[in-house]
Structure formats: structure tokens, C-alpha cells
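Chemist: To start, I am sharing the structure in question, which I have written as C-alpha cells.
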Amino acid sequence: MMKKSKHHSKARPNDSLISYGTQVEGSLMVPSNLRIDGSFHGEITCEGTIVIGDQGEVHAKLTARDVIISGEMNGEIKCEGKLTITSTGMLNGNCESQWLVIQEGGCLNGNSLTERKEQPSRQASQASTAAEHEANTHREKQAG
């Protein structure tokens with residue numbers, strides 16, 4: 001019977017993987033998700049989620065939809081969605097995201113900028129409410 005490796009990665013078939021013990025240096029453009037259980041130095045642009053496993057070590061500039069850090073990340077992160085630093089994760093550097101989650105035990109040594117983009121439906125609702133308020137105020141002035 002085969003034993004599962006302690007460092008077995010949970011990457012899906014269409015995902016990219018830098019496995020444990022692998023060292024990569026350079027620039028990557030990834031059209032899906034990326035999991036890093038090894039070592040990476042450079043720059044990554046990812047259309048999906050970047051996961052840095054608990055054995056992963058990254059020295060890079062990352063741009064992705066979402067980022068999950070369970071290992072060590074040194075550098076800059078620009079995230080369209082959620083940046084999660086798990087209880088075993090460490091980020092040494094600056095990050096920009098819409099949401100930031102740091103679990104108990106996780107560490108951020110740097111600056112964080114979180115900016116939420118307003119949803120189109122919410123903007124339309126606010127504009128509609130403001131227009132209604134203005135119309136009601138105008139009618140009250142005319143009636144009064």
C-alpha cells in the first residue's frame with residue numbers, strides 16, 4: 001500500500017504547481033491558480049488564486065485575484081480580492097487588497113492598503129435613493 005507524502009499538494013489538474021524541493025527564478029504569467037510549496041524568486045501575475053503552502057518560500061512581486069499565505073512571503077502583493085495570511089503564514093512586505101484576513105498566529109510585517117470597490121448595484125441604489133430624496137425635498141418646498 002502506498003503512503004501519502006507529508007508534502008503532498010492539493011493542486012487541481014488545471015492549476016500550476018511549484019512543488020516542495022523545487023526552486024524557480026524568473027517571471028510567471030499564470031492563467032489559472034498557482035500553488036507554491038517550493039521556492040520562488042521573481043515576479044508572478046496570476047488570473048486566479050496564488051497559494052503559498054506552509055513549506056513555500058517566496059521572494060517576489062505578486063499580482064493575483066486572491067492570495068493565501070501559509071508559508072513565507074517576502075515582497076509586494078497586489079490582490080484584486082482577498083489576501084489571507086493563515087496561522088502559519090508570514091508576509092514581510094506591503095500589500096494591497098479589497099479584503100485582508102490574518103488568522104491568529106499569522107504575521108504581517110509591512111503596510112497594508114485595503115480598498116473596497118463599490119458594487120455597481122449598490123452605486124445605482126445609492127444614486128436612486130439620492131434622486132428620490134431630492135425629488136421629495138423639491139415637492140415639499142413646492143407644497144409648503
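Chemist: Is it true that some residue in region 63-76 is in contact (Cβ under 8 Å) with a residue 24 or more places away in the chain, of a type outside the set (Gly, Ala, Ser), under 19 Å from Asp15 (Cβ atoms) and assigned to a loop (DSSP other than H, G, I, E, B)?
Modeler: No, every residue in region 63-76 fails to be in contact (Cβ under 8 Å) with a residue 24 or more places away in the chain, of a type outside the set (Gly, Ala, Ser), under 19 Å from Asp15 (Cβ atoms) and assigned to a loop (DSSP other than H, G, I, E, B).
Chemist: Then there's this: When you look at Glu72, is it out of contact with any helix residue (DSSP H, G or I) (no Cβ under 6 Å at 6 or more places or on another chain), closer than 15 Å to Asn109 by Cα and buried (at least 18 other Cβ atoms within 10 Å of the Cβ), yes or no?
Modeler: yes
Chemist: Right, here's the next one. Failed condition for Ser32, given (1) in contact with a Cys (Cβ under 9 Å, 6 or more places away or on another chain); (2) part of a strand (DSSP E or B); (3) not aliphatic (A, V, I, L, M), with all others met?
Modeler: Single failed check for Ser32: (2).
Chemist: Another question about this same structure. Going through region 35-53 one residue at a time, which ones are of a type outside the set (Ser, Thr, Tyr), part of a strand (DSSP E or B) and more than 14 Å from the chain's Cα centre (by Cα)?
Modeler: Of everything in region 35-53, those that are of a type outside the set (Ser, Thr, Tyr), part of a strand (DSSP E or B) and more than 14 Å from the chain's Cα centre (by Cα) turn out to be Ile36, Phe40, His41, Gly42, Glu43.
Chemist: Moving on to the next point. Are there any pairs with C-beta distances below 8 angstrom linking a residue in region 39-59 that is in contact (Cβ under 8 Å) with a residue 40 or more places away in the chain to a residue that is surrounded by fewer than 16 Cβ atoms within 10 Å (Cβ to Cβ), with the two at least 6 apart or on different chains, and if so which?
Modeler: So the pair list comes out as Gln55/His7.
Chemist: Which numbered condition in (1) more than 12 Å from the chain's Cα centre (by Cα); (2) small (Gly, Ala, Ser); (3) over 16 Å from His41 (Cβ atoms) is the only one that Gly56 fails?
Modeler: (3)
Only the coordinates and a few stated rules stand behind these numbers; no lab work does. Predicted, not measured: the structure shown is a model, and the values here were computed from it. Positions of Cβ are backbone-derived with ideal geometry, glycine not excepted, and every protein chain shown enters the neighbour counts.
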